[in-house]
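Participant: After the structure tokens below, expect a handful of questions from me.
All of the numbers you see were taken from the coordinates with simple rules; none came from a lab. Please read all numbers here as calculations on a predicted model, not as lab measurements. Cβ: placed from backbone, ideal geometry, glycine included. Neighbour counts: every protein chain shown.
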Amino acid sequence: MQIPRLGNIMQLAWITPDIDRSMAQFRDQYRVPEFLVMEVNFPAEVFGQKGDMHLRVALANVDNMQLELIQPLGGGVDRLYRDVLPKDGSHANVFHHVCVRIDGPLEEWDKHIAGLAPDMPIAYTGDLGPDARVVYTDQRATLGMYVEHVWFGEETAANMAASVPAYRSR
């Protein structure tokens, strides 16, 4: 039996021009008291263009779902995120993607990526080190969004579990 390509969704992600304001909105409106905030800079390829990805990212786990807020910091190849922001400069949290986690050894990741359908073109790959892999497929034509595919080795998974704040909705 084949695993559904949208199985194991573990994250919902929004793009924001102001991550501090967005975290305040999530705190006040959705009762998410705290996020792990990181500024990241790593090599990436977006729509065939290689360069650096420079972002500010906030993560929180609520029940079995991770919430991610992403603020593109400019330069490099962050247009994947920057291009969805309102052109008038207003503040908005723009829904951007779901994230599908691939479990198991790295070989499972390789099989998953090799099995992507032709109508799921790869829009973005990021080099997150030897213990993490990330690929975005551009599924805007069918789903109206991107789908992020990630694999974490044991060490990265453990570090994230220990670092990202976790909350229960009840």
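Participant: Nearest 5 is fine: what % of DSSP beta bridges in the chain come out antiparallel, could you say? Intermediate results must be reported in sequence, preceding the final value.
Facilitator: Working: 41 of 53 bridges.
Beta bridges within the chain, antiparallel portion: roughly 75 percent.
Participant: When the dipole is taken about the Cα centre of the chain, and only Lys, Arg (+1) and Asp, Glu (-1) are charged at their Cβ, what size is it in debye, to the nearest 20? Each step should come with its number before you reach the end.
Facilitator: Numbers: 15 positive and 23 negative charges, 109 e Å.
Computed charge dipole of the chain: roughly 520 debye.
Participant: Now, a different point. Quick one: length gained pulling Tyr167 to Met10 fully straight, 0.36 nm per residue minus the C-alpha distance?
Facilitator: Details: separation 157, 0.36 × 157 = 56.52 nm, distance 1.46 nm.
Stretched out fully, the Tyr167 to Met10 stretch lengthens by 55.1 nm.
Participant: Jot down the per residue volume, in cubic angstrom and as a whole number, of the convex hull over the alpha-carbon atoms of the chain. Could the numbers behind the result be given before it?
Facilitator: Numbers: hull volume 22.2 nm³, N = 170.
Output value, Cα hull per residue: 131 Å³.
Participant: Using the Kirkwood radius over Cα pairs, work out the Stokes-Einstein diffusion coefficient for region 75-170 at 10 °C and 1.306 mPa s, in µm²/s as a whole number.
Facilitator: Working: Rh = 15.4 Å.
In µm²/s, the coefficient rounds to 103.
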